[in-house]
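Input: a single structure, listed below in structure tokens.
The values are calculated or read from the model by the stated rules, or taken from the named source; none is laboratory data. Note that this is a predicted model, so its numbers are computed, not measured. Because the Cβ atoms are built from the backbone with ideal geometry, glycine has one as well, and the counts that use them run over all protein chains shown. Areas reflect the complete protein model, heavy atoms only, side chains present, ligands, DNA and RNA absent. Shrake-Rupley method; radii C 1.70, N 1.55, O 1.52, S 1.80 Å.
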Amino acid sequence: MEEWQKLLSRSVVKVDDLPFLPDSEEYRKKLEKVAEVFPIRINSYFLGQIKEPNDPLWKQVVPTLEELDDFLSDEELLVEDPLNEEGDMPVPELVHRYPDRVLLMVNNHCPIICRFCTRKRKIGFPGIVTRETLRKGIEYIRNSPEVRDVILSGGDPLLVPDKELDRILAELRSIPHLEIIRIGTRVPGTLPQRITPELCRTLKKYHPIYFNMHFNHPAEITPEVERACNLLADTGIPLGSQTVLLKGVNDNSQTMRELVHKLLRVRVKPYYLFQADMTLGTNHFRTMVEKGLEIIRDLQGHTSGMGVPAFVIDTPGGGGKVRLLPGSVIEHNEHEVVVKNYDGKVYRYPQPRDPNAEEAARSSDMCQLPA
Ligand SMILES: *Cc1c(COP(=O)(O)O)cnc(C)c1O
């Protein structure tokens, strides 16, 4: 067994083994009910990074009774599949939502189970993603010439052993119209020992490969994680990070600035900042949408543009991702555009003289929301 497999096999999966629980038998009994609905996993590397109860890492992986609150509400605002992924699956476990790219679930297990996971309905249960669904997914891509980009997701594709990953990547690479392969993974930040020279040798055979990783808090970037990211970057893989805005974990500008700075230092480009999805069992993590705009406003211009992610809502019901920006256009017409810069000063940009200027100015919908 490799080191990462040992760390994974020594995961906390039972309530009794959870770190820093209140010393109450009654509370444990109630938590058992939560764990029956939504499984627990904290691998032993990640467990070792948790320093105290309610710290930002603890909150991401230790269940609380709030997860069952959404079942009591009769509004049915929060649902099992808020993005309606199941409705966009031409074959099981492959989501085809956008014209030219698909999301393929390679397994449904993860190095940790995030309490706020958008796929809470699937993760950690047996028999959802199988050899058969994977075979059908790859076959679908082979028969769909419009698909030029695949995102391997799940679950976490990097929990698949090297040999099998090699086989999956080889099959995908044999599809001539498939241009890029992205790997959506939380492994580098939560089980960095999985990033080995052998894995990198496998990945390198199938370039262009991109990584969309997942980091929520600066405390996740440890020396082990730094080693993993550097190894991946040296393999020639462009590294991006996705972050979920989470109440009590990272919903303030200082934490987010520290996170993006630490990411850039390990050669990871912040890609998306997600407004939390409307997933059943995760309501207690949601923040006001304005909080995300405030964070972007506090980053934009104040630090490296490279470090500013796109703030997006993945729209309930399956409309895909929509980017939101804090307002910067005060006014625009055929003569000029009036904008506000990062520290609130107003500037004017004169338009070129164009015979169609009036029509062009009227037909565009520059965002004019006040910041
Ligand atoms: C997020 C997502 C993608 C990829 O979106 P990009 O904006 O290209 O990163 C593709 N398919 C699905 C279903 C997604 O949720």
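For residues in segment 295-310 being part of a strand (DSSP E or B) and away from the ligand (no atom under 16 Å from the Cβ), which is nearest to LEU246 (Cα to Cα)?
Within segment 295-310, the match that is nearest to LEU246 (Cα to Cα) is GLN300.
Give GLY281, GLY292 a once-over and let me know the one that is assigned to a helix (DSSP H, G or I) and of a type in the set (Gly, Ala, Ser).
GLY292
Only residues that are under 15 Å from the mean Cα position of the chain (by Cα), assigned to a loop (DSSP other than H, G, I, E, B) and away from the ligand (no atom under 12 Å from the Cβ): list them for segment 110-127, please.
Going residue by residue through segment 110-127, those that are under 15 Å from the mean Cα position of the chain (by Cα) are 110-120, 123.
Imposing the further condition that a residue be assigned to a loop (DSSP other than H, G, I, E, B) reduces the set to 110-111, 113-120, 123.
CYS110, PRO111, ILE113, CYS114, ARG115, PHE116, CYS117, LYS120, ILE123, listed by residue number.
Being outside any strand (DSSP E or B) and over 30 Å from TYR98 (Cβ atoms) is the filter here; which residues of segment 311-351 pass it?
ASN333, GLU334, HIS335, ASN341, TYR342, ASP343, GLY344, LYS345, GLN351
If you check ARG135, ARG101, which single one turns out to be within 12 Å of the ligand (Cβ to nearest atom) and open to solvent by 40 Å² or more (accessible area, probe 1.4 Å)?
ARG101
What number of residues within segment 218-266 satisfy the criterion of being among the hydrophobic types (A, V, I, L, M, F, W, C), part of a helix (DSSP H, G or I) and open to solvent by 10 Å² or more (accessible area, probe 1.4 Å)?
Result for segment 218-266: 4.
Go through segment 236-293 and count every residue that is of a type in the set (Ser, Thr, Tyr) and within 16 Å of the ligand (Cβ to nearest atom).
5
Report every pair of residues separated by at least 6 positions or lying on different chains whose Cβ atoms are under 6 Å apart, first residue within segment 288-299 and in contact (Cβ under 8 Å) with a residue 40 or more places away in the chain, second assigned to a helix (DSSP H, G or I) and of a type outside the set (Lys, Arg).
ILE295/SER253; ILE295/MET256; ASP298/SER253
Name every residue in segment 69-97 that is of a type outside the set (D, E, K, R), within 19 Å of LEU172 (Cα to Cα) and part of a loop (DSSP other than H, G, I, E, B), in order of residue number. It would help to see each step written out before you state the result.
Here is the first cut: in segment 69-97, the residues of a type outside the set (D, E, K, R) are 71-73, 77-79, 82-84, 87, 89-92, 94-96.
This time we only want the ones that are within 19 Å of LEU172 (Cα to Cα), so: 89-92, 94-96.
Within segment 69-97, MET89, PRO90, PRO92, HIS96 meet the criteria.
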